Structures are given as C-alpha cells and as structure tokens.
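Below: the structure, in structure tokens.
The values are calculated or read from the model by the stated rules, or taken from the named source; none is laboratory data. Computed from a predicted structure; not experimentally measured. With ideal geometry, Cβ positions are generated from the backbone for all residues, glycine too; neighbour counts draw on all protein chains shown.
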Amino acid sequence: KVGMSPTPRMRASLMLLGLSAGPCAGLVVPLAAARPAASLAGVELPRVGDGEQIDLGAALTQTAASEKTLLILGCHAGDFNTVEYVQRCRAFWPQLQAKGVSRCLIAVNGQASSCEKLGELLGLPDGVELLSDPAGEAGRAFGVSRGWRPDDARVPPALKLFVVGIGLGPPWGTLPAVLTGYVGNPGGRREWIEAALKQGQLAGRRAGPLPDILELSASGEVVGNKFDDFPLVGGWGVRPLELATLRLQNLVGIQMAHWEALKPVDDRCLTQLGGCAVVGAGGEPLFSWVDGGLCDVPDFEELLDAL
C-alpha cells in the first residue's frame with residue numbers, strides 16, 4: 001500500500017513486485033500478499049450457493065492467458081470494509097471486465113448464511129463468487145492486518161475494535177480513510193458512491209435521520225443529487241460528507257439492522273482487516289493491497305490503472 005514507511009519486509013515486497021509485475025498501484029504489502037498464488041496455495045474455502053471447495057492458490061494460478069482474476073479478502077460480513085469492497089466491486093464490475101477480469105472471488109469471514117445475507121443486501125453482479133471463511137484463514141495467509149494486540153487474550157475483542165476504530169492503535173490507516181468521507185476530495189470520483197447510494201435507497205435503506213440523497217425517476221434512474229447543490233463544493237469529484245453519508249446508510253441499514261445475521265462467529269475476525277489482489281496469466285501478480293484500517297480499502301480507479 002502506498003504511503004507507509006517501508007520496513008525491510010516491505011522493501012523486499014516492493015522489490016518483488018517491481019521485478020515480477022511491472023507498474024503496480026498496491027506497492028508496499030507483506031511478502032505473502034505480493035505472491036498471492038503461492039501464499040494461498042492449499043487454502044480451500046466453500047463457495048456460497050453450491051458448497052464447492054475452491055483452492056484459492058489454484059484458482060489464481062489457473063488464470064488463463066489474456067485473462068485476470070480479482071480476489072478480495074474481506075473482513076466479517078457486517079464490517080465497513082467488506083461492505084465497501086462489495087459496493088465498489090459491484091459499481092466497477094463492467095470496467096473490471098473491460099480490463100480483462102474474467103473471475104472475481106470474494107472471501108468473507110463468516111458463515112455461508114452471513115455471506116448469502118450480505119450478497120442479498122448488496123446485490124452482487126452475476127459472475128462474482130462469494131466464499132465462506134468463518135475463521136479468517138485466507139486473510140491471515142495473505143498477510144492482512146489482524147488489528148491491535150490480536151494475540152492478547154486479556155483484551156476483549158470489542159475493545160480492540162474500538163481502539164482501531166478511533167485511530168489510537170495500529171494499523172494506523174483508520175483516521176485518514178474516515179476523514180476523507182467527511183472532507184471530500186475535489187479530484188475524486190463519486191460514481192461508485194452514487195451507485196451504492198442508489199442501490200441502498202431502492203432497497204429501502206436510509207442514512208439515519210437524513211432524507212433520501214438521490215432523486216430517482218419512476219424507472220429508478222438518478223435525476224438529482226442533493227450534494228450537487230452544495231455551495232462552492234458542488235462541483236467537486238467527491239463532495240464533503242458524500243462518502244460519509246453512504247457509510248451512515250451502510251451502518252444503519254446494513255450493519256445495525258442485520259447484525260445478528262452478519263456478525264462473525266470467530267472473535268478474531270471482529271478486528272481482522274482485509275485486502276485484495278489481481279493476478280494475470282499463471283497467477284502473476286498485477287496489484288496487491290492490504291487494508292490499513294477501518295474504511296481503508298483501495299481506490300478501484302487506481303486498481304484499474306494498474307491492469
């Protein structure tokens with residue numbers, strides 16, 4: 001992940017990626033994430049729907065010439081990061097396919113029923129495969145962050161999550177990612193945010209006490225957005241509070257409303273973060289990323305640029 005001070009392990013990862021994959025937006029990652037096909041070899045997860053066991057390493061290695069495979073290693077099904085991964089994947093799926101991504105696997109740290117509920121709530125596109133990983137095994141093999149003091153049994157999991165959530169413990173990427181949702185980004189892209197707001201609004205989800213942000217036609221098309229009317233910043237790529245509003249809609253309409261169905265069954269997965277990778281023919285790494293905190297998921301525009 002760009003922007004972190006490289007440790008010796010990270011510098012080795014950077015060299016490995018530079019030698020093997022050429023330009024890559026997800027530059028500084030653990031060694032395991034830099035070679036996902038190798039690090040995930042033998043890790044098998046059941047596919048939601050038919051229960052078929054998918055060997056992640058083999059699935060990446062078997063990527064054919066001229067094709068690409070996207071693997072997302074989510075957190076638990078009720079987590080901010082997992083929800084945003086799915087929403088971004090849903091919005092960018094046509095562009096990913098245009099770049100040659102022929103297969104997308106999303107591993108979620110939850111039971112099959114939790115994965116099914118998440119897919120039902122967010123409307124996964126056809127061709128995207130959900131995998132159930134209740135213990136978070138695949139993410140740990142990939143090298144994701146396990147959160148603050150993951151092996152300290154004296155600290156309750158909820159406290160560990162709280163510390164990371166307010167930005168007081170490693171990993172340290174939570175506050176910058178959360179603040180971006182409030183301050184906006186003049187040069188950002190909001191298409192995926194609007195698509196996610198629209199999907200949620202059509203499903204009856206609300207951002208707490210806020211009114212519906214989008215004006216939709218009878219056919220469900222967006223004909224207006226209240227953020228367009230913001231003085232001075234209405235023309236920004238991502239307006240202040242726009243992404244924060246989507247996150248509030250996710251919090252209230254997904255996480256809080258469906259917590260019992262989405263919550264993890266393994267306490268380790270309450271604080272474990274996620275990551276993603278794109279590989280080309282034979283599992284050659286093209287892009288790798290590990291989340292640096294809550295809401296710190298990759299910019300899919302940068303991911304597309306790396307392909």
List every residue pair whose Cβ atoms sit under 7 Å apart, with the two residues 6 or more apart in sequence or on different chains, where the first one lies in region 240-265 and is under 10 Å from Leu197 (Cα atoms) and the second, anywhere, is among the aliphatic types (A, V, I, L, M) and part of a loop (DSSP other than H, G, I, E, B).
Thr245/Ala207; Thr245/Leu210; Thr245/Ile213; Gln249/Ala207
I'd like to know if region 160-174 contains one or more residues that are under 15 Å from the mean Cα position of the chain (by Cα), in a loop (DSSP other than H, G, I, E, B), β-branched (Val, Ile, Thr) and surrounded by 22 or more Cβ atoms within 10 Å (Cβ to Cβ).
no
Of the listed residues (Gly204, Gly220), the one being in contact with a Leu (Cβ under 7 Å, 6 or more places away or on another chain) and on the phi > 0 side of the Ramachandran plot is Gly220
Would you point out the residue of region 138-159, among those that are closer than 17 Å to Gly57 by Cβ and touching a strand residue (DSSP E or B) at 6+ places or on another chain (Cβ under 8 Å), that is surrounded by the fewest Cβ atoms within 10 Å (Cβ to Cβ)?
Gly143
Would you mention how many residues in region 224-270 are buried (at least 17 other Cβ atoms within 10 Å of the Cβ) and aromatic (Phe, Trp, Tyr)?
2
Please enumerate the residues belonging to region 107-117 that are in contact with a strand residue (DSSP E or B) (Cβ under 7 Å, 6 or more places away or on another chain) and assigned to a loop (DSSP other than H, G, I, E, B).
Gly110, Gln111
Among strands (runs of 3 or more DSSP E) completely within region 39-106, the ones holding 1 or more residues that are surrounded by fewer than 22 Cβ atoms within 10 Å (Cβ to Cβ) and touching an Asp or Glu at 6+ places or on another chain (Cβ under 6 Å) are 44-46, 53-55
Run down Gly282, Gly274 and say which single residue is in contact with a helix residue (DSSP H, G or I) (Cβ under 7 Å, 6 or more places away or on another chain) and surrounded by 24 or more Cβ atoms within 10 Å (Cβ to Cβ).
Gly274
Selection from region 285-305 of residues part of a helix (DSSP H, G or I) and more than 29 Å from Ala58 (Cβ to Cβ) yields Glu301
Restricting to region 131-170, what's the tally of residues that are closer than 16 Å to Val265 by Cβ and among the hydrophobic types (A, V, I, L, M, F, W, C)?
5
Options Leu243, Leu214: the member that is hydrophobic (A, V, I, L, M, F, W, C), touching a Leu at 6+ places or on another chain (Cβ under 7 Å) and under 20 Å from Val83 (Cβ atoms):
Leu214
Return the only residue of Val278, Val252, Val233, Val265 being among the β-branched types (Val, Ile, Thr), at pLDDT 95 or above, closer than 21 Å to Tyr85 by Cβ and in a loop (DSSP other than H, G, I, E, B).
Val265
Among the listed residues Val144, Val183, which satisfies the condition of being among the β-branched types (Val, Ile, Thr) and within 17 Å of the chain's Cα centre (by Cα)?
Val144
Would region 190-211 turn up any residue that is assigned to a strand (DSSP E or B) and surrounded by 14 or more Cβ atoms within 10 Å (Cβ to Cβ)?
no
